[in-house]
Amino acid sequence: MNLTRRRKLSSHVETSSMNDIMFFLMLFFLIVSTMVNPNVIKLMLPNARSGKAVMKQTINVSVNANGEYFIDRQPVTAATLEQELGNRVQGQENTTVVLRVDSGLNVQKLVDVLEIGNRLKIKMVMATQAQK
């Protein structure tokens, strides 16, 4: 009687390189997911024979160191600023007001102009100077 043990064949898969592969896949998907804009809907837009580009309208509101207000280089008083700005914005879409305020001016003047923009529901951005 032959009682020798048979050797069992075991299959073994080396998984040491799987960690590297999974790490590179994770990095790839993280980088790709930051490039994708999820708020974009791809549409095939219809063709038109005549086209008109819609440009954003900008209005400059400036306040100098003396507290004088200007709309596109035209002087206005503090009392008529809201009315003049409302007249300029009326009937225009995508209007942005660029606010230029002197750096030595009181912050309250800036807040007053921002409140006017808020009441008129105007998008306002503040212009700054780059440091040298």
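Every number here is computed from the coordinates shown, using simple stated rules; none is lab data. Note that the coordinates shown come from a computational prediction; the quantities given were computed from them, not determined experimentally. Here the Cβ positions follow ideal geometry from the backbone for every residue, glycine too, while neighbour counts run over all protein chains shown.
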Loop-resident sites, segment 60-126, for trypsin sites (Lys or Arg not before Pro), counting at most 16 other Cβ within 10 Å (DSSP): 73, 121
In segment 72-103, GluC sites (Glu not before Pro) in a DSSP loop with at most 13 other beta-carbon atoms within 10 Å: 93
Between residue 115 and residue 26, how many nm apart are label points set 7 Å from Cα along the C-beta direction? 5.3
